[in-house]
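Input: a single structure, listed below in C-alpha cells.
The values are calculated or read from the model by the stated rules, or taken from the named source; none is laboratory data. These numbers come from a predicted model, not from an experiment. For neighbour counting, all protein chains shown are included, and Cβ atoms are generated from backbone atoms with ideal geometry for every residue, glycine included. Protein only, heavy atoms only, side chains kept; ligands, DNA and RNA dropped before computing areas. Shrake-Rupley method; radii C 1.70, N 1.55, O 1.52, S 1.80 Å.
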Amino acid sequence: MKTNYDILMQEEIKTFNGEKKKILLHSCCGPCSSACIERLKDNFDITVLYYNPNIEPFEEYELRKNEQKRLLSIFKIKYLDCDYDNARWKEITKPFSEDIEGGRRCQVCFGIRLKYTAKMAKSLHFDYFGTTLTVSPHKNSAIINDIGDKIGKTIGIKYLFADFKKRDGYKRSIELAREYNLYRQDYCGCLYSKRWKDEE
C-alpha cells in the first residue's frame, strides 16, 4: 500500500495545536513554490532556500532565481540565498551522466540539495526542513520523501513529509504562475535533463 505523504503532512500539522512552526523550504523555482507556499503559509513561518547547483546554464539559474525572489516579494515570504556550487554538483553527479532522466543521477541530485537544506535548517534553528520538489508530476514523491527523511534523521532535524501534487497542487501552481506571469522552464534544470527533453 502506497504512503499518502499529503495525509502525513496534514496529521503532522494537527500536532502543532495552532502554533506556527519555522520551516526552511528548499525551492527549485518560483512556479513550483507558489502552490506549496500557499498550502503551508497558515501553519508555518516559511523561509525559502534557493539551492539549485544543478541548474545550467548560469543564465538560466539566475533567471529562475530572480523569478523566485520576485514571487516571494509578492507573497511576503523570507528568502535565503546561497552559492551556486555547480562545479561540486557536476563532480558528484558525473558518474551518473548517462543515466536516464529520473534515475540514479536525479536521486543523487535530490540528496545534494536536501542535505544542504537540512544542514542550513539545523544551523539556523528551524523546526523543519522540506522541499517543493514533490509538486511536480515528473518527480517520484516516495523517493524524495525517503531521501529527506533519512537525511533529517542523520542530521537531527525534522523533515516535513509532503506530496504537494495532491489536492490539485500542480494545477494550482500553473494557475498561480499565470496569475503572476512567472517564467516557466521546459526542463528540470541540469543539462542532462535538457538533453533528455530535446531528444524526446
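Relative to its Kirkwood radius, the Cα radius of gyration of the chain gives an Rg/Rh of 0.94.
Using a cut-off of 30 Å between Cα atoms, the listed pairs LYS115/LYS166; LYS158/LYS194; LYS2/LYS76; LYS14/LYS171 include LYS158/LYS194; LYS2/LYS76 as exceeding that distance. Close amide H pairs (under 5 Å, H built 1.01 Å from N) link HIS26 with LEU49, GLY130, THR131, THR132, residues at least 5 positions away or on another chain.
Per the Kirkwood formula applied to alpha carbons, segment 17-131 shows a radius of gyration over Rh ratio, Rg over Rh, of 0.99.
Using a Gaussian network model of the chain in which every pair of alpha carbons under 10 angstrom is joined by a spring, one finds that among CYS188, CYS29, CYS82 the greatest mean-square fluctuation is at CYS82.
Under a Gaussian network description of the chain, with springs only between Cα atoms under 10 Å, the residue in ALA142, ALA162, ALA35 that fluctuates furthest is ALA142.
Here, P(r) means the percent of Cα pairs in each 5 Å bin from 0 to the largest distance; for segment 81-173 it is 2, 13, 22, 20, 22, 15, 5, 1.
For segment 10-58, which chymotrypsin sites (Phe, Trp or Tyr not before Pro) pass both filters: DSSP loop (anything but H, G, I, E, B) and at most 13 other C-beta atoms within 10 Å? Working shown, then result.
Details: sites: PHE16, PHE44, TYR50, TYR51, PHE58; in loops: PHE16, TYR50, TYR51.
Sparse-neighbourhood loop chymotrypsin sites (Phe, Trp or Tyr not before Pro): PHE16.
About its Cα centre, what dipole magnitude does segment 44-200 give when the only charges are +1 on Lys and Arg Cβ and -1 on Asp and Glu Cβ, stated in debye to the nearest 20?
On the way: 29 positive and 24 negative charges, 108 e Å.
With Lys and Arg at +1 and Asp and Glu at -1, about 520 debye.
3J(HN,Hα) along segment 142-154: 5, 5, 4, 5, 5, 4, x, 5, 5, 5, x, 5, 5 Hz, from the Karplus curve 6.51 cos²θ - 1.76 cosθ + 1.60 with θ = phi - 60°, whole Hz, x for Gly and Pro. For the residues THR117, THR47, THR154, a GNM of the chain with alpha-carbon springs under 10 Å puts the largest fluctuation on THR154. Straight-line cross-link reach from LYS69 at under 21 Å between alpha-carbon atoms covers these lysines, not counting any fewer than eight positions away in the same chain: LYS22, LYS41, LYS78. When you count the other C-beta atoms within 10 angstrom of each residue and take the mean per peptide, 91-97, 107-113, 59-65 line up highest first as 107-113, 59-65, 91-97. The label point for GLU179 and the one for LEU80, both projected 7 Å from the Cα toward the Cβ, are 2.7 nm apart.
Exposure check, 1.4 Å probe, all protein chains in place: ASP127 carries approximately 60 Å² of accessible surface. For the set HIS125, HIS26, solvent exposure ranked by accessible area (probe 1.4 Å, protein chains only) runs largest to smallest as HIS125, HIS26. For the chain, the share of accessible area belonging to carbon and sulfur comes to 51 percent (1.4 Å probe, ligands and nucleic acids excluded).
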